[in-house]
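None of the figures in this text is laboratory data; all of them are computed from the coordinates on show. The model shown is predicted, which means the values in this text are computed figures rather than measured ones. Cβ: placed from backbone, ideal geometry, glycine included. Neighbour counts: every protein chain shown.
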Amino acid sequence: MKKKAELFFTFLKIPLDYLILVLAALAAWSLRFNESVQAIRPVIFNLSFSRYVTYVLAAALIWLIFFAWSGLYSFTRRRIIDELTKVILACSTGMTAIIIYMFFVRELFDSRFIVILAWSFAMVFVIIERAIIRKFQNMSLSRGLGAHKIVIVGTNENTEAIIETFRTQPELGYKIVAHIKDYNGHEELLALHKKYQIDEIIQTDSNVSRKNSIALIDFANEHNIIFKYAAGQFEARTTNVEVHMIAGIPIIEIRKTKLDGWHKIIKRVLDLLISSILIIILSPFMFILAILLRLEDWGPAIYKNERVHSKGTFNVFKFRSMYTKYCTGKQFAKYTDQAAVLKYEEDLIKKQSERQGPVYKILNDPRRTPIGRFIERASIDELPQLFNVWIGNMSLVGPRPHQPREVEKYDKEHKHVLDIKPGMTGLAQISGRSDLDFEKEVKLDTYYIENWSFRLDFWILLKTPLVVLSRKSKV
């Protein structure tokens, strides 16, 4: 059950969002009719202020629908950067709808300046409004108002991670009242419920016996308490199922992903369209960068890095960020002693890799050129992968592809990330990039594969540049 404070703050966002959207539109009108602005560009459209307000009041209501579609009125507590991303997505979608309408109904008015201003003001104003609401809600939660009182049941490493998260992030809205390591019946839970009025029981250990899990569920049902549990390997894979009737018998198929059929076709069309546009726009910049790399150090400007997908291997295109004498791969066999280069790389991996498991990431890599350090830090080195997307061996969004020697070290459950086409960016990249350990990266990529949607793709694409700009690289 939701707390009254949760209901209040979530409902409060609707009228405040509407008011803020109207104010943003009025601010755009006011600035457009400012004398200084008119001196630069006189007003040539014939739209009265009263009619404009009528349009704004109607448009703001429609925008609230896009806000709801983007998840801005869900009860889920999210990080501020996620909230910001959703606001930008919702405002951009709403403005796109208005622009499309204006295209077909041109007699409305043709002030593109007001449209752009209203869109910009809407994003800024709503972000400020949401930050203020979040501040008051966090103050409320820090005082225990509206926080869910929870009991944790479990002893594994997932348990410790969840407990630490709840304790260090009170803004998530959870207050731990007890941690039960060994569940031995209802007596302890009943005493805790009488004392604290428990809201949720969270079983964080998937190894708790089936008998005890059922007992916990029964207790939760009896006392109107929410029951949650951390999914084990099997449960995580059975959330995406399809039922087939064969000989009158229901046969359940555990689907690897929703990305199939028409979804796969549409995603490919969008990849081709978007990558074509970006290649055209960015080609002059990429051409200049290629020249600079050739002038800085002899050798190819484009580095073909062998990676693995479900059907074998392919070459990922990147701008070369290392000195040619240190580059690995068949492409550089005529330039270097590959055995010596690979030995040097293995030594660096042992000494300076910040990642554990099959995948490595060398800190303060001495093989980088000055320009290479810059383009790696800014992720500009990955721009040629747009050609991989255009060709069709990569997608804009998907799990990151790894090298054959890394994939050879995969455990069998890791190979699930090879089920779909790899991407330039993905859920793992916007959630920590190389700072994530390999197991967490696999979990995020698995979640993406099993819960894929166009909405999730759009959210990842929108968030990627924000993450790139805010991250601190260690190359």
More than 22 angstrom apart: percent of Cα pairs within region 4-142: 41
What does DSSP give for the chain in terms of the percent of beta bridges that are antiparallel, rounded to the nearest 5? 50
With the contact rule set at Cα under 8 Å and sequence spacing of 6 or more, what percent relative contact order holds for the chain? 11
Using Cα-Cα distances under 8 Å and only pairs 6 or more residues apart, what relative contact order does region 105-184 have, in percent? 29
Give the relative contact order (percent, whole number) for region 148-230; include only Cα pairs under 8 Å separated by 6+ residues. 37
Just the Kirkwood number for the chain, please: inverse of mean 1/r across all distinct Cα pairs, in Å, one decimal. 26.4
Ratio Rg/Rh, restricted to region 262-470 and using Cα atoms, in which Rh is the Kirkwood radius: 0.94
Likely footprinting exposure, LEU47, LEU295, fewest C-beta neighbours within 10 Å first: LEU295, LEU47
List the lysines whose Cα lies under 26 Å from the Cα of LYS258, skipping any in the same chain that are fewer than 8 positions away. LYS86, LYS228, LYS267, LYS311, LYS412, LYS415, LYS421, LYS440, LYS443, LYS463
Using the alpha carbon gyration tensor of region 148-230, what are the three equivalent-ellipsoid semi-axes (square root of 5 times each eigenvalue), largest first, in whole Å? 19, 16, 10
